Structures are given as structure tokens and as C-alpha cells.
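The values are calculated or read from the model by the stated rules, or taken from the named source; none is laboratory data. Quick caveat: nothing in here was measured; it's all calculated off a predicted structure. Positions of Cβ are backbone-derived with ideal geometry, glycine not excepted, and every protein chain shown enters the neighbour counts. Ligands, DNA and RNA are excluded from the accessible area calculation, which covers all protein heavy atoms including side chains. Shrake-Rupley method; radii C 1.70, N 1.55, O 1.52, S 1.80 Å.
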Amino acid sequence: MALSANPVAAEIARAVAAVLGISPDDVKIDPPPRPELGDFAVPAFPLAKLTKEPPPAVAARVARDLPRSGVVTDVTATGPFINVKVDRAAALRVVLASVADAATLIPARGAGQTVCIDYSSPNISKHLAYHHIRSTMLGHALASIHEALGYTVVGINHLGDWGTTHGMLLAAFERWGAEPKYQPLDVTGLNDLYVRFREAMKADPALGDEGRAWFKRLEDGEPGVRARWQQFRDISWREFDRVYQRLGVHFTFVTGESEYEDKMPEILAMLAAKGLLSESEGAQVVAIPGEKTPMLIKTKDGTTLYATRDLAAALYRWRQYGFARSLYVVDRGQSLHFKQLFAVLGMLGFDWAARCTHVPFGLVRFGGKKTTTRGGNVVLLDEVFAEASEQVRPLIAEAQPDMPAAQLDRTAEQIGVGAVVFANVLPQRDKDVEFDWDKVLSLSGDSGPYLQYTVARCWSIHRKAGAPALDPAVDVGRLTHDAEWAVARRLLDVGDYVARAADNCEPHVVAHYLLELAADFSRWYTLGNGDADLRVLCDDADVRAARLALVAAVRTWLTRGLAMLGLGAPEVM
RNA sequence: GCGCCCAUAGCUCAGCUGGAUAGAGCAUCGGCCUUCUAAGCCGAGGGUCAGAGGUUCGAGUCCUCUUGGGCGCGCCA
């Protein structure tokens, strides 16, 4: 167990460890089930195992011997649990310091290490559909979360721009591309050509060979074929980039599978040299010990498959970046592929294969079914965002009648897109998500807009106070209300949640943390409804300054957290 | 057939890698706006954590089996 990123919890762990003569890493710190028990709790069971005493005895001993110094002000044993109360002013000073320096609460434990993250990675010649939001935003969140921990992140958009599919598209264009409906050619036209070709293949299976032949020509580098493919790719990228900009998503590089074309001969040679290649039904395969199905490396036509390209890409990434982790944010349906991929890398003798991780996620369903382009039940990302912004706009206009039109547009976009994005990072990755307009566009409760609203309330207070900057001379001793402490106590934990999100590749950990933080703030805020003395903007100047500082901390961390998940936070809504 | 994943409140989901009395949101019902944004807050009802064994001080969490659902399994990616 690693030492907590919460500096107060870490100090308690060290103090307890010193009393018992054990390692601080062995001291687990929990929040007590009820706040009146204390600020931090230490279960004595694991400690008892190390000191070979009964748990209540260890708890009693720690309660007696733990120095009431530093942040620790009070220690009580409650049966086998040790409850610790801390110097709230000292803890609050740490919290406020984190506004200027995030590292106070999130140690840069990833400094000097690189993480490669492969995410989004759509196929060209198709629209970005709603289901693409999962890989795109989970990957983007993982990138931001790792960056927050000090890692160097290499975000890779590995476009599906190579393979037989694209041969079929070339064949389809050859047949029908001159028709007026494809002038000018756009993604809709490209997708139509592909669907039309697949449809025709049902009647005439020989077309499959035609498609494969075109891919062979592409892979062999015929200039005219290559130019046409490049045109499809450019058309697709213009469309993708527009949506990525709408989402605020960016990549370190956008390459695509075609990028590894010239890097495959080396991989093939390595496989051959190790004697791993064998022939099966005309294809080149690698048999994996303990696995029923081999990995297909080359088709009977001699063209490559995505497995071959992924092997080459993995090796390239290792050579370029010497990554600490290499993550592949790809849907769960490809689990077998990645299992095989990492196994073959291991068979090639690459010990770094253990650093490669498939980060799978569940399906997006529509009407209970998997969404597919051919199924006709695909919802475009753009359509969802447009609908979301549309629904949000009147609510903002009502709350902010004086807001200029341009700002209203911007705000509606941020909240509408934010609602959709948040709904997709809130559940665990594993879960399938059923597409549901009501849920995706929910503005109340556990939602992105709720978090954004909380931020906007903070901004509003600061505007009214005329002092958005944090006063360094603030007297934190004036923050004496339990509701204020609950907020500060929550903020202290932020680093542990971000670290866990990174370790488990689960951005939803951050999403749920932010909801708790916002709820703590909202409870505190609402106290002011009935009692003017409990408002941030109260009469006492010192209390007011201290509360404004705490509001700044909430605003700062909510904004940082939302950014980690890919949501913007407007100052007014 | 083989493999992987999932099962917690009426619905959608959390549950900090095994710790104290299992928590939120939605929906339902009842409260709170003359001054910090009610997209909010407070309260009520609602649970055999799919089922059965096992591991131990302690299991929603770990192991086995059963049931129910989902997804994969050679020339697409």
C-alpha cells in the first residue's frame, strides 16, 4: 500500500508507524463512517497482525502514545479503530496552498516517466458516431489524469486507415465514384460507397476479392491508388478534427495504421527469425501456447492485417518513448486481439510487453442493440451535441437574461457537450451504456451541468466580493463551521482519487469525487439561505476573507477536475 | 462448444482493491427562495448486495459452483 497523497493522512501514517515501529506504508488511513468520530480513522487489524497484539490493544496503545503534535490534536481508540482529530487550521492552510500549487495535493509521482495512450482511433471514411465518444473521452481523461500526476503523456490517434476495408472503398469508388451524388465527395458519400459495396458483396461474393486486390495495389504503392486513398483520408480528417475541436480533444500525434507500413518487414523478419511464423490455410500465423486461436499475421494474398501493424506500432512506441505504460483504450470486443498482441510481443522477447495494457470499455447500445453503421441505428456525435446545446440554451437565457448572444452560444455549447461527456465518464468503463436522451441530457443530480453550476456559483460569489484572488494573509482559524471543514476535508483527498483513477485507468473515480466535493460545497452554501452569518459574504471581514479563500479552492479544484474529464466550466450560467 | 465481462433500492449507478450501521442520482411524497444563482438544499419511504457453498477476527468486495444477461472466437478493424 502506497503512502497517501493526502499530506495530512500521510503525516498521521508516519506518526502511527513511528509509535509501532513499522513502515508508514503499512498504515491504512480511512475516513471514519461518521464525522463526529474524528477526521481520520486507522483500522487496527492490519497493525495488530504486524505487532502480534489484539487489535483493540494496539488501538489503545496508539491512542495513548501517539504524540499530540503537528496536525494531530486528539486520538481515541474505539474498539479496534483509532480515530484521529487534526488541527483544522493547519489542514486548511495546506488546502489553500493548493490553489496556487496543485502539487501540494497531487504529488508529481510520474515525473520523468512517459505514458503512451492510444485512444479514439476511428476508421476513416465514416462519421464520428456517438459510440466513438467512449474511447475518445476515456482516453482524453486518462491523458489529463496522468498529466496531473506529472507523467509525460503521448496521446496517439491510431486511425483505421489501412487494410482490406479501404481496398473495398477504392473498388466502390472505381465503380460508382463518378455519380453526381458523390460530388463533391464527403464522409457521407464515402460511407455510402462502403455500405453500397458491402451490400453488393452479398449478391456477388467475388467483389470481396476485388476489394482485396485494390488493397494489394494500395499496399504495393501504386501512385494513383495511393493518391485516391490520401484524398479519402484528408476528407475524413477534416470532419474528425472539427468534432475533436468541439470536444477540446487533441493528440500528440495522429498517425494511423498506414504509418507502420514500412515498419512491418522488420517485425515479420523478427517473427521469422524466432521461428514463430507458420502457415495455416494459406495464411501466415503465430501460434500462441495455451491459446486456441493463433494470431493472423498475413492473409493468403500476402497483405498485412491489423495485428501485424499493431506489433510494429507497439515496437515503434517503445523505441521512441521507452514508456512506463502503454495504454490501448479500445472496446472490450477486442480483448482477444490485445491478449494475443501482448503475448506475441512477449514471445519476441520484449519484456516491456508487460507494460502494455488494454483498457477495455463496454458497448454503447441503442434500443438494446449494439450500434453499427450498417444497422442504421447510429447517432452522430454532432447531432447529440447539437440537441444538447439546444435544450440547454433556454435555461441559460432564463437565468441570465442579459447574457450577450455570443456568450450564450458558447455557454450552451459548453454545458450541452459537458452533459453528454460527463454521462459517458460517470459509469465504470466496463459497463455497457444504453443510449438514452433523457439520461445523456440530464442537467440535474449527478451530472456535468450540476458540477458546472457549482463552479458558476463560486464565480458569482467572487464577482460580488470583487476579489477573485486569494488573500495570502487570510486567517483560516475563522473557518470553524463543520460544513466548511467537510469541504476542506474532501479537498485533502483529491490526490488519492486522481492517483487511483490513473492506476486503475478509471476516470469515473474522478467524476464521483467531484460530485462529492460539489455536494459538500452546496450543503455549506445552502446554510446561507437561512442564516446571513453563514454566508460567504457575511459582515465580519476576516470570516468573509477566509470563506472566500475556501470558495477559491473549491472553484479551482472543480475546474481542474472537470478539465481532467474533458469538461469546460463557464463562469456564468 | 471454448474464452472474457457483468449481476447492489422501482430505474441508472457508487462502494476507496477485505474494515465500523451498504451510499448517491432519477422517480414518488413532504419541507426550504425579502439580500451569496432553487440546474440547489433538507427530510421520508424504498435492500435476502442474483443463488449456494468456502476462505477469516471480519465478505457487496477473494475462491468454487449454479442461474440469468452481454461480448468475442483465421484471412475486417
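Please go through segment A:76-104 and give me each residue that is within 13 Å of RNA strand B (Cβ to nearest atom) and under 18 Å from A:P7 (Cα atoms), ordered by number.
Residues of segment A:76-104 within 13 Å of RNA strand B (Cβ to nearest atom): A:76-85.
Answer for segment A:76-104, where residues must be within 13 Å of RNA strand B (Cβ to nearest atom) and under 18 Å from A:P7 (Cα atoms): A:N83, A:V84, A:K85.
Counting only residues that are away from RNA strand B (no atom under 11 Å from the Cβ) and within 22 Å of A:Y260 (Cβ to Cβ), which one in segment A:215-227 is surrounded by the fewest Cβ atoms within 10 Å (Cβ to Cβ)? Spell out the reasoning first.
Looking only at segment A:215-227, we keep the residues that are away from RNA strand B (no atom under 11 Å from the Cβ), and these are A:217, A:220-227.
Filter once more, keeping what is within 22 Å of A:Y260 (Cβ to Cβ): A:217, A:220-223, A:225-227.
Details: A:R217: 17, A:D220: 11, A:G221: 9, A:E222: 14, A:P223: 7, A:V225: 19, A:R226: 15, A:A227: 9.
Only one residue tops the list, namely A:P223.
One line per residue, one yes/no per condition, for (1) within 11 Å of RNA strand B (Cβ to nearest atom); (2) surrounded by fewer than 20 Cβ atoms within 10 Å (Cβ to Cβ); (3) in the same structural domain as A:L527 (by TED's automatic domain parsing):
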site	(1), (2), (3)
A:D471	no, yes, yes
A:V474	no, no, yes
A:T480	no, yes, yes
A:A488	no, no, yes
A:G495	no, no, yes
A:A502	yes, no, yes
A:C505	yes, no, yes
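From (1) in contact (Cβ under 8 Å) with a residue 60 or more places away in the chain; (2) farther than 20 Å from A:A563 by Cβ; (3) surrounded by fewer than 18 Cβ atoms within 10 Å (Cβ to Cβ), pick out the condition that doesn't hold for A:H132.
Among (1) in contact (Cβ under 8 Å) with a residue 60 or more places away in the chain; (2) farther than 20 Å from A:A563 by Cβ; (3) surrounded by fewer than 18 Cβ atoms within 10 Å (Cβ to Cβ), A:H132 violates only (3).
Tally the residues that are of a type in the set (S, T, N, Q), closer than 17 Å to A:I156 by Cβ and not in a strand (DSSP E or B), restricting the search to segment A:302-333. Spell out the reasoning first.
Pass one, segment A:302-333, residues of a type in the set (S, T, N, Q): A:303-304, A:308, A:320, A:326.
Still in the list and also closer than 17 Å to A:I156 by Cβ: A:320, A:326.
Checking which are not in a strand (DSSP E or B) leaves us with A:320.
The number of residues fulfilling the criteria is 1.
Give me the residue from segment A:299-311 that is over 9 Å from A:E257 (Cβ atoms) and not hydroxyl-bearing (S, T, Y) and, out of that set, farthest from RNA strand B (Cβ to nearest atom).
For segment A:299-311, the residue satisfying everything is A:L311.
Every residue in segment A:512-529 that is closer than 18 Å to A:L479 by Cβ and either touching a residue at least 12 places away in the same chain (Cβ under 8 Å) or among the aromatic types (F, W, Y) (or both), please. Lay out the reasoning, then the answer.
Of all residues in segment A:512-529, those closer than 18 Å to A:L479 by Cβ come to A:517, A:520-528.
Answer for segment A:512-529, where residues must be closer than 18 Å to A:L479 by Cβ and either touching a residue at least 12 places away in the same chain (Cβ under 8 Å) or among the aromatic types (F, W, Y) (or both): A:L517, A:D520, A:F521, A:S522, A:R523, A:W524, A:Y525, A:L527.
Would you check if A:V421 is open to solvent by less than 60 Å² (accessible area, probe 1.4 Å), of a type in the set (A, V, I, L, M, F, W, C), touching a Gly at 6+ places or on another chain (Cβ under 7 Å) and at pLDDT 95 or above? Write out each step before concluding.
Numbers: open to solvent by less than 60 Å² (accessible area, probe 1.4 Å): yes; of a type in the set (A, V, I, L, M, F, W, C): yes; touching a Gly at 6+ places or on another chain (Cβ under 7 Å): yes; at pLDDT 95 or above: yes.
Spelling it out, A:V421 is indeed open to solvent by less than 60 Å² (accessible area, probe 1.4 Å), of a type in the set (A, V, I, L, M, F, W, C), touching a Gly at 6+ places or on another chain (Cβ under 7 Å) and at pLDDT 95 or above.
Given the criteria surrounded by fewer than 22 Cβ atoms within 10 Å (Cβ to Cβ), of a type in the set (D, E, K, R) and out of contact with any Phe, Trp or Tyr (no Cβ under 6 Å at 6 or more places or on another chain), does A:D74 qualify? Walk me through it before giving the result.
Details: surrounded by fewer than 22 Cβ atoms within 10 Å (Cβ to Cβ): yes; of a type in the set (D, E, K, R): yes; out of contact with any Phe, Trp or Tyr (no Cβ under 6 Å at 6 or more places or on another chain): yes.
For A:D74, the condition - surrounded by fewer than 22 Cβ atoms within 10 Å (Cβ to Cβ), of a type in the set (D, E, K, R) and out of contact with any Phe, Trp or Tyr (no Cβ under 6 Å at 6 or more places or on another chain) - is met.
What number of residues in segment A:551-573 are crowded, with 22+ Cβ neighbours inside 10 Å and within 11 Å of RNA strand B (Cβ to nearest atom)?
Looking only at that region, the number is 3.
Of all the residues that make up segment A:448-461, how many are under 20 Å from A:A141 (Cβ atoms) and either in contact with a Pro (Cβ under 9 Å, 6 or more places away or on another chain) or near RNA strand B (Cβ under 6 Å from one of its atoms) (or both)? Spell out the reasoning first.
Just the residues of segment A:448-461 that are under 20 Å from A:A141 (Cβ atoms), to begin with: A:448-452, A:454-455.
Narrowing the set further to residues that are either in contact with a Pro (Cβ under 9 Å, 6 or more places away or on another chain) or near RNA strand B (Cβ under 6 Å from one of its atoms) (or both) leaves A:449-450, A:452, A:455.
The number of residues fulfilling the criteria is 4.
Taking the condition outside any helix (DSSP H, G or I) and within 12 Å of RNA strand B (Cβ to nearest atom), does A:G445 pass?
Working: outside any helix (DSSP H, G or I): yes; within 12 Å of RNA strand B (Cβ to nearest atom): yes.
Considered against the rule, which asks whether it is outside any helix (DSSP H, G or I) and within 12 Å of RNA strand B (Cβ to nearest atom), A:G445 comes out as yes.
With within 12 Å of RNA strand B (Cβ to nearest atom), open to solvent by 20 Å² or more (accessible area, probe 1.4 Å), free of Cβ contacts under 8 Å to residues at least 60 places away in the same chain and in a loop (DSSP other than H, G, I, E, B) as the only criterion, which of A:P56, A:P33, A:P67, A:P46 stands out?
On the way: A:P56 fails: in a loop (DSSP other than H, G, I, E, B); A:P67 fails: within 12 Å of RNA strand B (Cβ to nearest atom); A:P46 fails: in a loop (DSSP other than H, G, I, E, B).
Checking each option against the conditions leaves just A:P33.
With the checklist (1) at pLDDT below 95; (2) buried (at least 18 other Cβ atoms within 10 Å of the Cβ); (3) in a loop (DSSP other than H, G, I, E, B) in hand, flag the one item A:T293 doesn't pass.
Of everything listed in (1) at pLDDT below 95; (2) buried (at least 18 other Cβ atoms within 10 Å of the Cβ); (3) in a loop (DSSP other than H, G, I, E, B), A:T293 misses just condition (2).
Within segment A:380-418, which residues are more than 9 Å from RNA strand B (Cβ to nearest atom), surrounded by fewer than 16 Cβ atoms within 10 Å (Cβ to Cβ) and acidic (D, E)?
Scanning segment A:380-418 gives A:E383, A:E390, A:D402, A:D409.
Which numbered condition in (1) over 40 Å from the mean Cα position of the chain (by Cα); (2) at pLDDT 95 or above; (3) open to solvent by 50 Å² or more (accessible area, probe 1.4 Å) is the only one that A:K85 fails?
Answer for A:K85: the failing condition is (1).
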